[in-house]
Structure formats: structure tokens, C-alpha cells
Amino acid sequence: MASEKDGLLGALGKGAAGAAGGALFLWFSGLLKPLWSWLHQTWLSLWTHLMAQSSWPNWLAYVISLAAALACLRWARRQWRSRKDSTWRFHQLSFLGVLWRWLPTSGLPSHVSGYCPACDTRLVYETLVPNFDHPRRIALHCETCSSVRLRMEGNLDYMNARVIREIDRLQRTGEWKQHVPD
Ligand SMILES: [Zn+2]
């Protein structure tokens, strides 16, 4: 008797659940139908727009395509050069009490420029008056701080080459990474 009752209740329960499920489904369909039709309409208009023939002159289409392609290439190159192990990121070095800068390159720079470590003014190169002990001597001085930042035996080419040799050493040993912010 009890099992019969349970069976009946169970059937009733299932029926109620089925009805509720059906109602829920109908409610959802009612809700989704406008959404679906909106999505469909939007897609149709977008597709019609994309497939429409443009009245632009060909030269304009070419110019715009070329500009877009160049922008993509530039972006890709920038990403490639800014990767962590790229020496393109290494274009500044503090050495011999001077801040040296050069144009970013994949290899060694052809020349470097010295900057004052205190005020960042570009330093002025001068040949010092020769004497017996120092027949060839140069200096880099800062006009803003009125101070000499570097004195060195040799000439401008020697100074340039010495800094580039240091850059070369840092690049070969991998120590350049210590001079680049992460
Ligand atoms: Zn200075």
C-alpha cells in the first residue's frame, strides 16, 4: 500500500517536475527568441556590409592596405626587439664615470656619446694642452656643472673605441643584462 502511494506521489512529482521543466524551457525560449533574432539580424547586416563592393578608388585601398601592413610590421619588429634577451634594449652604459649612450643596434655601435651622470647634459670633448708627460690627453667636461667628468690619454677615436670595446665585452659575456632595466 505504502509503495503504491509512494509510486503515485513519485509519478505526480515527476509530472510536476516535467511540467516545471517544460514551463522553464518555454520561458527560456521566449527569452532567447528575440536575442537569437537580434543576433541573426546583426550578423546578416554585418555580412551584407562586409560583402558590399566599395566605391573607394583602388589607389586609396592600396594606400590603406600598405599603411596597415607597415604598422603591423613595425609592431612585430618592436615586439621582437623588446624581448628580454635582445641586445637592442642595451643602449646605455655607465662607464669611467660617464653615462654613455648610442643608437640601439643588433651589433656594436659605431660611435658613442658621453653624458654627465649628475645633470644628463651631453659632455663636451676637448684636447688638453700637451706636456712632456702627457703628449696626447683629452677631457670630457660638463658645461652645466662646470666640471670635468673624464680625463684620458689618447684622442677622441681612442676614447670611442675603448667604450665600444667595453660594450663588446659586456655583450659577449652576457653582462649587458645587468645594465638594462627589467
Ligand atoms: Zn653636469
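The values are calculated or read from the model by the stated rules, or taken from the named source; none is laboratory data. Computed from a predicted model, the values in this text were never measured in an experiment. Note that we place each Cβ from the backbone using ideal geometry, even for glycine, and neighbour counts take in every protein chain shown. Keep in mind that these areas ignore ligands, DNA and RNA; they rest on the heavy atoms of the full protein, side chains included. Shrake-Rupley method; radii C 1.70, N 1.55, O 1.52, S 1.80 Å.
Quotient of the Cα radius of gyration of the stretch 90-179 and 2.2 N^0.38 Å, N being its number of residues: 1.13. Positive-end ranking of Leu66, Ser146, Leu170 along the dipole of the stretch 64-182, with charges on Cβ about the Cα centre, is headed by Leu66. For Leu26 and His179, the difference between the fully extended length at 0.36 nm per residue and the C-alpha to C-alpha distance is 48.4 nm. Placing +1 on the Cβ of every Lys and Arg and -1 on the Cβ of every Asp and Glu, with nothing else charged, gives the stretch 90-179 a dipole about its Cα centre of roughly 180 debye. Averaging 1/r over every pair of different alpha carbons in the chain and inverting the result gives a Kirkwood radius of 24.5 Å. With all protein chains in place and a 1.4 Å probe, the accessible surface of the chain carries 63 percent carbon and sulfur.
Net charge dipole, the chain: roughly 220 debye, given to the nearest 20, about the Cα centre with Cβ charges of +1 for Lys and Arg and -1 for Asp and Glu. Remark: the chain carries 76 Å² of accessible area per residue (probe radius 1.4 Å; ligands, DNA and RNA excluded). Close amide H partners of Val98, meaning residues 5 or more places away or on another chain with modelled amide H under 5 Å apart, do not exist here.
Using θ = phi - 60° in the Karplus curve 6.51 cos²θ - 1.76 cosθ + 1.60, the 3J(HN,Hα) couplings for the stretch 125-140 round to 8, 9, 8, 7, 4, x, 9, 4, 6, 10, x, 9, 9, 10, 9, 10 Hz; x is entered for Gly and Pro.
The GNM of the chain, with springs linking C-alpha atoms under 10 angstrom apart, assigns the highest mean-square fluctuation among His40, His141, His91 to His40. Working from label points 7 Å from Cα in the Cα-to-Cβ sense, the Ser37 to Tyr62 distance is 4.8 nm. Highest mean packing first, where packing is the average number of other Cβ atoms within 10 Å per residue, the peptides 97-110, 70-83 line up as 97-110, 70-83.
Grouping the Cα pair distances of the stretch 37-80 into 5 Å bins from zero gives a pair-distance distribution of 5, 19, 12, 14, 14, 14, 13, 8, 1 percent in increasing distance order.
Most tightly packed first, judged by the mean number of other beta-carbon atoms within 10 Å of their residues, the peptides 163-169, 23-29, 112-118 read 112-118, 163-169, 23-29.
Amide H contacts of Val180: none lie under 5 Å away among residues 5 or more positions distant or on a separate chain (H built 1.01 Å from N in the peptide plane; Pro and chain starts excluded).
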